[in-house]
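K.L.:
Before I ask anything, let me first share the structure, which is written out below as structure tokens.
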Amino acid sequence: MFYLSFLLYPSAFQTVLSQVVELIENKQNFAITTHVRPDGDGIGSSLGLCWLLRSLGKSAEVIVRDGIPAAYAQLPGADEIKQIAEVNGKYDAIFVIECSDLARPGIKGLENQFTVNIDHHATSEHFGTINWIDQTASAVGEMIYNLCKAIGGRITREIAECVYLALVTDTGSFHFPNTTDRTLKVASELVKVGVKPAQISEVVYNSYPWSRIELMRQVLATVQRNESGTIAWMRQTLEMAESSEAVDGDNNGFVNIPLAAKEVEAVVYMREVQPNAYRVSLRSKGCINVARVAEKFGGGGHKNAAGCRVEGDWDLREKEIIAALTEAVEKAHDGAEK
Ligand code: 5GP
Ligand code: MN
């Protein structure tokens, strides 16, 4: 049975959403996974969906490769998340949350399963048996809320808390450009069923170990900017992670810090993950498209938040990325990007 909110959902996505609803109604055993080094949207959406499936009398579990950041371990159901390297269960379907391709979860054996790709990134490959990609959603959490409404489920306290955390983290507490009236409406509904925004904010922002502060001190000591001050870049070495005794998630949001300066329009944050291998995070303001920049280096993401992985000489790669970013900033200034 479909509800009014389903009819209000953009029609372009209704057919595929109906397929997801039908699958859930007709099957029983589900697993949910998300990308390696899961973030708030990955974990919040996965757990939210897990609680939704369980509330419908289904069997569901969340399976991920990596440990989850300590803060998110406070979410309901987080203690039941299974950390695995290979799928060994027999499932009717596996929901793959926020992954550009089937390698992103880092779990072996997914290719032999019935998969449902749920994502809000433009760069997603349609790897799933069903592919529900909604680029208008601020977070996958928003899509899980829509799914709950479409299937006629009740937004329980557990679903609400998990989905709210997904929204808060992916919208930077509702201040990134992906925040829409729909995001705020969903957030409002979640608060109505019992979410305490201040409590979730404590979980998201004030639950880190001291190692985060130590790591932040070291990373910020490396920040540099171009002559016009529009582009800033900084680095995190393996030695910094080690000496600060950093744990997963300690560097969450570091990349946004330089954007606090009015004139800074784009940021590059390079993190050494192995000798000669680096994770790159890109952020921008306004119409500067960093997804295009990340794609040039084999990555992807959103217009204002993207990433990739590069290898080789650090100085050289950094120069190349800054050059591509400079081009993107100039393009935006020329009005070529809207
Ligand atoms: P972050 O900087 O937080 O790691 O990533 C920012 C955004 O870029 C996220 O939405 C993420 O999905 C995307 N992203 C980061 N790294 C990669 C990558 O290697 N490949 C793709 N396709 N997207 C990425
Ligand atoms: Mn997301």
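Bear in mind that the values in this text are calculations on the coordinates, not laboratory data. Not measured: the values here are computed from a predicted model. Neighbour counts are summed over all protein chains in view; Cβ atoms, including those assigned to glycine, are modelled from backbone coordinates with ideal geometry.
K.L.:
Quick one: length gained pulling residue 174 to residue 112 fully straight, 0.36 nm per residue minus the C-alpha distance? Walk me through the numbers before you get to the answer.
P.N.:
Numbers: separation 62, 0.36 × 62 = 22.32 nm, distance 3.80 nm.
The span from residue 174 to residue 112 would gain 18.5 nm if fully extended.
K.L.:
Now for a different question. How many nm is it between the label spots at residue 248 and residue 129, if each spot is 7 Å from the Cα in line with the beta carbon?
P.N.:
Label-label distance for residue 248 and residue 129, simple model: 2.7 nm.
K.L.:
Averaging sequence separations of C-alpha pairs under 8 Å and six or more residues apart, then dividing by the length of segment 210-334, give the relative contact order as a whole percent. Numbers along the way, then the final one.
P.N.:
On the way: 227 pairs, mean separation 23.9, N = 125.
Relative contact order here is 19 percent.
K.L.:
Rounded, prolate or oblate for segment 210-334? Axes are the square roots of the Cα gyration tensor eigenvalues, ordered a ≥ b ≥ c, and the cut-off for rounded is a/c under 1.5. Each step should come with its number before you reach the end.
P.N.:
Values: a/c = 1.86, a/b = 1.45, b/c = 1.28.
Here segment 210-334 falls in the prolate category.
K.L.:
For segment 247-298, just say rounded, prolate or oblate: build the C-alpha gyration tensor, square-root its eigenvalues into a ≥ b ≥ c, call rounded for a/c under 1.5, and beyond that prolate if a/b exceeds b/c, oblate if not.
P.N.:
Because a/c hits 1.5 or more and a/b fails to exceed b/c, segment 247-298 counts as oblate.
K.L.:
Treat the count of other C-beta atoms within 10 Å as a stand-in for reagent exposure and order 95, 30, 13 from fewest to most.
P.N.:
Lowest count first: 13, 30, 95.
K.L.:
Let me ask another. Using just the Cα positions, wrap segment 18-115 in a convex hull and report its mean projected area in square nanometres, one decimal place.
P.N.:
If I average the Cα hull's projected area over directions, I get 5.8 nm².
K.L.:
What fraction, in whole percent, of alpha-carbon pairs in segment 41-172 exceed 17 Å separation?
P.N.:
Taking all Cα-Cα pairs of segment 41-172, the fraction more than 17 Å apart is 56 percent.
K.L.:
Please name which of 56, 256, 324 has its Cα lying farthest along the dipole of the chain towards the positive end, using unit charges on Cβ (Lys, Arg +1; Asp, Glu -1) and the Cα centre as origin.
P.N.:
Value: 56.
K.L.:
Given R₀ = 45 Å, what would the calculated FRET efficiency be for residue 185 paired with residue 313, taking r from the Cβ atoms and rounding to 0.05? Could the numbers behind the result be given before it?
P.N.:
On the way: r = 48 Å, r/R0 = 1.07.
Computed FRET efficiency for residue 185 and residue 313: 0.40.
K.L.:
Positive end of the charge dipole of the chain (Lys, Arg +1 and Asp, Glu -1 on Cβ, about the Cα centre): tell me which of 124, 30, 234 has its Cα farthest that way.
P.N.:
Towards the positive end, the residue furthest out is 30.
K.L.:
Calculate the FRET efficiency for residue 323 and residue 88 from the Cβ-Cβ distance with a Förster distance of 56 Å, rounded to the nearest 0.05.
P.N.:
0.75
K.L.:
Using 0.36 nm per residue, how much length does the chain from residue 225 to residue 26 gain when fully extended, once their Cα-Cα distance is taken away?
P.N.:
Full extension from residue 225 to residue 26 adds 66.1 nm.
K.L.:
Between residue 274 and residue 192, take the C-beta separation as r, use R0 = 35 Å, and let me know the FRET efficiency to the nearest 0.05.
P.N.:
It comes to 0.15.
K.L.:
Could you please rank 309, 54, placing first whichever residue has the fewest other Cβ atoms within 10 Å of its Cβ? Walk me through the numbers on the way to the answer.
P.N.:
Working: 309 14, 54 17.
Ranked by crowding around the Cβ, least crowded first: 309, 54.
K.L.:
Whole angstrom only: what separates the Cα centroid of segment 148-168 from the Cα centroid of segment 81-140?
P.N.:
Between the Cα centre of segment 148-168 and that of segment 81-140, the gap is 19 Å.
K.L.:
Ratio of the chain's C-alpha Rg to 2.2 N^0.38 Å, to two decimals?
P.N.:
Numbers: Rg = 19.8 Å, N = 338, 2.2 N^0.38 = 20.1 Å.
Ratio of Cα Rg to 2.2 N^0.38 Å: 0.99.
K.L.:
With the crude spin-label approximation of a point 7 Å out along Cα→Cβ, what separation in nm comes out for residue 262 versus residue 217?
P.N.:
3.1 nm
K.L.:
Shifting gears a bit: Take 210, 51, 314 and order them by how many other Cβ atoms sit within 10 Å, fewest up front.
P.N.:
210, 314, 51
K.L.:
Taking amide H atoms as placed 1.01 Å from N in the peptide plane, list the residues 5 or more away in sequence, or in a different chain, whose amide H sits under 5 Å from that of residue 115.
P.N.:
94, 129, 130
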